[in-house]
Amino acid sequence: MAADVRVVSRDHFGTASLTAFLELMAPFASPVVGLATGNTPGPFYASLHREVGHGRASLADPRPFAIDEYVGRADHPCSNREFFARHWDTIPGAPAVHQFEVTATDLAAEAVRFAALLEAAGGLDVVVLGIGLNGHLAFNEPGSASDSVSRLTALTETTRESARPCWGDATPTHGLTLGLAEILEARRALLLVNGAAKAAVLHRALAGPVSSECPASFLQEHPALTVVADDAAAACWVQSSREASD
Ligand code: PGA
């Protein structure tokens, strides 16, 4: 099925992301939801916080799971755990996010534990994703197979460069991530993309070859994908769609 691609102005990115999220969550009584972190979803969480706080939206009893985590200090302000503490835990009534425990002595075993927890919950109903400049989904870097599972993974230089402004000298070399298998098995997928820097990779993801070289391209085969992109991020995709229909 063709993706539902919603192109919105930068100012409406947060509210459009929230609208799509609530639509995707609605069919599920207690949705198991995978949550992205990073710069992209900031406006989404701000909208969610505002609308739930004003009683205009409800979280419908979600069971949230982080989709990845840096292998770094858990209490570092740039860890995903701290991101959720700021952007999710402050939402009225939001249940705690299941997270990778980077303090575990055996990180490979930790990835297995996390996958088992997700599987016991029934797998993801809804997954909220960002996309890396290199096409990664969560920390599934280029080269990741579509049937890859939850694991410890080495971060590419591109990913480390994106993390460096926040982490500085402590920029992690590794991450724990859900695999593409667990992500692509989500019953609904929501990809959020903003900013001109992501225009080329979004085009690759939606219209390029489906390949491990661009893990997000596997989303082309997802049966229920919604994309919310701001004008800048959607520019290449919009242009090529126009050319294709001329
Ligand atoms: P960003 O990260 O939102 O910080 O650009 C997205 C991602 O790497 O998935």
*Any idea which of L48, L155, M25 is furthest toward the positive side of the dipole for the chain, if Lys and Arg beta-carbons carry +1 and Asp and Glu beta-carbons -1?*
L48
_Can you tell me what share of the DSSP beta bridges in the chain is antiparallel? A percent to the nearest 5 is fine._
30
*In the chain, which Cys residues have no partner Cys with a Cβ closer than 4.7 Å?*
C214, C236
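Per DSSP helix of 4 or more residues, -39500 (n - 2.57); summed, then divided by the residues of the chain. What does that give at 222 nm, rounded to the nearest 500?
On the way: 8 runs with 87 residues, N = 246.
One gets -10500 deg cm²/dmol as the mean residue ellipticity at 222 nm.
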_I want to make sure I understand the PRE zone here: with the label point 7 angstrom from the Cα of S211 toward its beta carbon, which residues in segment 219-246 have backbone N atoms less than 17 Å away?_
219-221
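For the chain, what relative contact order do you get, as a whole percent, if you take Cα pairs closer than 8 Å and at least 6 residues apart? Kindly include the intermediate steps, with their values, before the conclusion.
Working: 502 pairs, mean separation 62.1, N = 246.
Relative CO of the chain lands at 25 percent.
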*Charge tally in the Cβ shell below 11 Å around E213, where Lys, Arg are +1 and Asp, Glu are -1, E213 excluded*: 0
*With only Lys, Arg, Asp and Glu charged, each at its Cβ (+1 for the first two, -1 for the last two), find how big the charge dipole of segment 1-146 is about the Cα centre; round to the nearest 20 debye.*
380
*Go through L190, A234, P92 and say which Cα lies farthest out towards the positive end of the charge dipole of the chain; charges sit on Cβ, +1 for Lys and Arg, -1 for Asp and Glu.*
P92
_Let me spell out the model: positive unit charges on the Cβ of Lys and Arg, negative unit charges on the Cβ of Asp and Glu, origin at the Cα centre of segment 180-246. What dipole size does that give, in debye rounded to 20?_
100
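Under a Cβ-only charge scheme (Lys and Arg +1, Asp and Glu -1), can you give me the dipole magnitude of segment 115-185 about the Cα centre, in debye to the nearest 20?
On the way: 3 positive and 9 negative charges, 41 e Å.
In debye, rounded to 20, segment 115-185 gives about 200.
Any read-out appearing in this document is the output of simple, stated calculations on the displayed coordinates, not a laboratory observation. Being a predicted model, the structure only gives us computed values, none of them experimental. Cβ sites come from the backbone with ideal geometry, for glycine too, and all protein chains shown count toward neighbours.
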